[in-house]
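Here, each number is a calculation from the coordinates, and none is a lab measurement. The structure presented is a predicted model; accordingly, all values stated were derived computationally and were not measured. Reconstructed Cβ throughout: ideal geometry from the backbone, glycine too, with neighbour counts over all protein chains shown.
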Amino acid sequence: MERLPWLRRGFAPVLCVLLVLLAQVADSYTQYIVNLALIYVVIGVGLNFLLGYAGQFAFAHAALMGIGAYTTALLTSRLYWSFWLCLPLSGVVAAALGALGALPAMRMKRVYLALVTLAFAQLVVWVLVNWNVVTLGTDGVDVPAPMLFGWRVKGDTSVFYVVLPCTALMYWLAKRILESRIGRAFVTIRENEIVARCNGINVARTKTVVFALSAFYAGIGGSLYALTLGFIVPDAFGLSQLVLHFSIVVLGGLLSLSGAAIGAVVLTALPELLRDLQALQEIIYGLVLMVVILVMPQGIAGLLKRWGVLPREVLARNWRALARETP
Amino acid sequence: MNLVTLLVAGLANGSLYALVALGLVLIYKTHDLVNFAHGEILMAGGFIGFTAYQTMHLPYPVAFLLAIALGGLLGAVIELVAFRRVADQHHITLAMVTVGLSVFMKGIARVPFGTDIYTFPPAFSADRITLGSAVIAPQHLLTIGIAALLTLLLFLFFRYTTLGKQMRATQQNITGARLVGINTGRVFSSTWSLAAALGAGAGVLAAPLSLLYPDMGTNFLLKGFAAAVLGGFESVPGAIIGGFLVGIIEMLFGGYVSTAFQQVSAFFIIIVILFIRPNGLFGRRAVARV
């Protein structure tokens, strides 16, 4: 059933080369959109671990992205730490806080977990707004351009050469993790925790790992976001950011790495095309979201898999049957 | 601030949260779905009421009933168009359809009403009532009264009418309900219209207390969601008590601790409560079958 195998083989390197070529000719604005899309690939992949693969209905992703962005922004602008140290550190800080999300996830299911994580997210934004002394509140923080071997990373094209390798690395890492034992453990937990336990999976540890991993991606994404924008405010990490993250994962396809990437590109480009008309932008965004989900409930990636353009992912088999059984 | 003043204001806000929570719980119980567009249904109700009362100069009760009726119709249409065909999909997928709907409705509302903020005058221009040292706004009392009335009607509806009993049966066991000949499709659309009517009614009541603008629904959705979860998400009395609790907690924090903390205080309390009782105050422990 697998058609177009040539398209698939070496697809990712070809895409990277194409993006590099595009960077040679693109104007600053286009480049900025490309950078954003790449960052949202990282964010989307991170959320898909939690939402798609492990089936945890958690709402803190935007706040964790904010924590990553603020870690980078504050440490580089106020303590003059190197960006290259802050980038991984942002991921680690977000992961540490994100792992806390595993605590309620041990005891609560679905809506309760959703609310606790949502409440946590609201509290984070509230702290960012009100802890003026440290975060500068609603005034926002400027992010200084980092130095790399005496070369100043300034301007959208330079930023692109930082973001692209990071995204590629994170994507490759995600692929490796999902193919490993721990990736299968995520899916088993989503399907049935008792079955997972019977198969020798440490549910508590696996949940902690998936929450931390997902938050790590959010933190790295947030750090790159701070670099790309150069200026961040707390409101950027509120509910609309969260809606965007969820849309990316669901529109692209839950349970699909390439789906998160497709969703990120579509949903970054779409609002930019209509940026001058807020009402129209919302109407089209909402319609696209509804229609795509109603017509292809497994997202764009699900459709492409059915057509044989994308490879089937072993972990995603029997999705419909699974959807009915998951409590 | 005076304690009684705060409590009355808290109860008024809380009864709005309770109405929103009731709508969320009703849909959750029949459809197993969190309706993230409920805040926008509330917003739609507010604007329908505003148009009828301010622009068309209809009397307040007529405007209120019109908002409820059109809200109910809206709910039925949403169910029929968007959810009938995909009801057996994964709950995250269904939730995303409601998120799309929420963004869509905000966009629609911005076409005639723009980005302006509208004020909705209170139902009657009576003076503030002073009771000892407490000051009570009549609009607060009206809100509490109407919310209580709607809740009572809802209770009677579920208890004594055939449709209400059919709805409860469908909530308990959908296959069983179908087996005994209940038209579950009709139950789905009635549930949606009932929930949406409650939301639209809450919108008309909420508009004078908050302000009227296309994004007004988000705050009410969050608080209503909090109230519903606090009450256990499957319990109708739980949703109402949860709503009152959220409203009162908020007001007390705002009055005695810090106004900056008011917006998030309810969430803070809820995190604590859910760690102690993971299924909400009135929720039953979920039993998982292998």
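What average count of beta carbons from other chains do you get within 10 Å of the Cβ of residues in A:118-131?
4
In the structure shown, do any of A:109/A:175; A:207/A:305; A:109/B:165; A:175/B:223; B:165/B:223; A:109/B:223 have a Cα-Cα gap over 31 Å, and if so which?
A:175/B:223
Roughly what % of Cα-Cα distances in chain B sit above 37 Å, to the whole percent?
Working: 5008 of 41905 pairs.
Every Cα pair in chain B considered, those over 37 Å come to 12 percent.
Going by a ≥ b ≥ c, the root eigenvalues of the Cα gyration tensor, does segment B:1-121 fall in the rounded group (a/c under 1.5), the prolate group (a/b larger than b/c) or the oblate group?
Oblate is the answer for segment B:1-121, as a/c is 1.5 or above yet b/c matches or exceeds a/b.
Run lengths n ≥ 4 of DSSP H only: what is the helix-derived mean residue ellipticity at 222 nm for chain B, with -39500 (n - 2.57) per run over all residues, to the nearest 500?
Taken over chain B, the calculation gives -23500 deg cm²/dmol.
Given the C-alpha centroids of segment B:1-54 and segment B:107-121, what is the distance between them in whole angstrom?
Comparing the Cα centres of segment B:1-54 and segment B:107-121, I get a distance of 18 Å.
Whole-Hz ³J(HN,Hα) for each residue in segment B:173-187, computed from phi via Karplus 6.51 cos²θ - 1.76 cosθ + 1.60 with θ = phi - 60°, x for glycine and proline: what do you get?
Per residue, the Karplus-derived 3J(HN,Hα) values read 7, 5, 5, x, 4, 5, 4, 8, x, 7, 6, 5, x, 5, 5 Hz.
Picking from B:119, B:90, B:129, whose Cα lies most toward the positive end of the charge dipole for chain B (charges on Cβ: Lys, Arg +1; Asp, Glu -1)?
Towards the positive end, the residue furthest out is B:90.
Taking the highest mean first, how do the peptides B:199-205, B:108-114 order by number of other beta carbon atoms within 10 angstrom per residue?
Numbers: B:199-205: 31.3, B:108-114: 16.3.
My ranking of the peptides, most packed first, is B:199-205, B:108-114.
Just to check I understand the Karplus step: with θ = phi - 60° and J = 6.51 cos²θ - 1.76 cosθ + 1.60, what whole-Hz values come out for segment B:144-152, glycine and proline as x?
4, x, 5, 4, 5, 4, 4, 5, 4
Using the crude model of +1 on Lys and Arg Cβ and -1 on Asp and Glu Cβ, and no other charge, please compute the dipole size for the protein assembly as shown relative to its Cα centre, in debye to 20. Before the final figure, lay out the partial values.
On the way: 40 positive and 23 negative charges, 457 e Å.
Dipole size: approximately 2200 debye.
Along the charge dipole of chain A, which of A:261, A:243, A:155 sits closest to the positive end, that is, farthest toward it, with unit charges on the beta carbon of Lys, Arg, Asp and Glu (+1, +1, -1, -1)?
A:261
Charges only on Cβ, +1 for Lys and Arg, -1 for Asp and Glu: so what's the dipole of segment B:19-215 about the Cα centre, in debye to the nearest 20?
Values: 11 positive and 7 negative charges, 116 e Å.
It works out to roughly 560 debye.
What's the longest uninterrupted piece of chain A once you rule out the chymotrypsin sites (Phe, Trp or Tyr not before Pro) that are loop residues per DSSP with at most 14 other Cβ within 10 Å?
Numbers: sites that count: A:80, A:131, A:149, A:307.
Longest stretch, sites excluded: A:150-306.
Where is the GNM fluctuation largest for chain B (alpha-carbon springs, 10 angstrom cutoff): B:19, B:230, B:153?
It is B:153.
Taking each residue of B:107-113 in turn, how many C-beta atoms of other protein chains fall within 10 Å of its C-beta, and what is the average?
The per-residue average across the peptide is 4.
Name the helices (complete DSSP H segments) of chain A with a Cα length along the long axis of 27 Å or more and a Kyte-Doolittle mean of at least 1.6, or state none.
Going by DSSP H runs, the hits are A:110-130.
Mean-square fluctuation check for chain B, GNM, Cα pairs under 10 Å: which of B:13, B:219, B:173 is largest?
Residue with maximal mean-square fluctuation among B:13, B:219, B:173: B:173.
Along Cα→Cβ, 7 Å out, is where each label goes; now give me the distance between the ones at residue B:88 and residue A:199 in nm to one decimal.
2.5 nm
Specify which residue in the list B:201, A:34, B:233 is farthest towards the positive end of the charge dipole of the protein assembly as shown, using unit charges on the beta carbon of Lys, Arg (+1) and Asp, Glu (-1), about the Cα centre.
B:233
Charges at C-beta only: +1 for Lys and Arg, -1 for Asp and Glu. How large is the resulting dipole of segment A:5-325 about its Cα centre, in Debye rounded to 20?
Values: 23 positive and 13 negative charges, 283 e Å.
Here segment A:5-325 has a charge dipole of around 1360 debye.
Mind checking which of A:247, A:256, A:214 has the largest fluctuation in a GNM of chain A, springs on alpha carbons under 10 Å?
Top of the fluctuation ranking is A:247.
Determine the distance separating the Cα centre of segment A:35-113 from the Cα centre of segment A:129-198; give it in Å without decimals.
7 Å
Add -39500 (n - 2.57) for each DSSP H run of 4 or more in chain A, then divide by its residues: what number comes out at 222 nm, to the nearest 500 deg cm²/dmol? Spell out each step's value before the answer.
Details: 17 runs with 238 residues, N = 327.
Per the formula, -23500 deg cm²/dmol.
Run the numbers on segment B:19-215 and let me know its relative contact order in percent, using alpha-carbon pairs under 8 Å that are six or more apart.
47 percent
So how far apart, in nm, are the two label points at residue B:65 and residue A:29 if each is 7 Å from Cα heading toward Cβ?
For residue B:65 paired with residue A:29, the spin-label model returns 5.4 nm.
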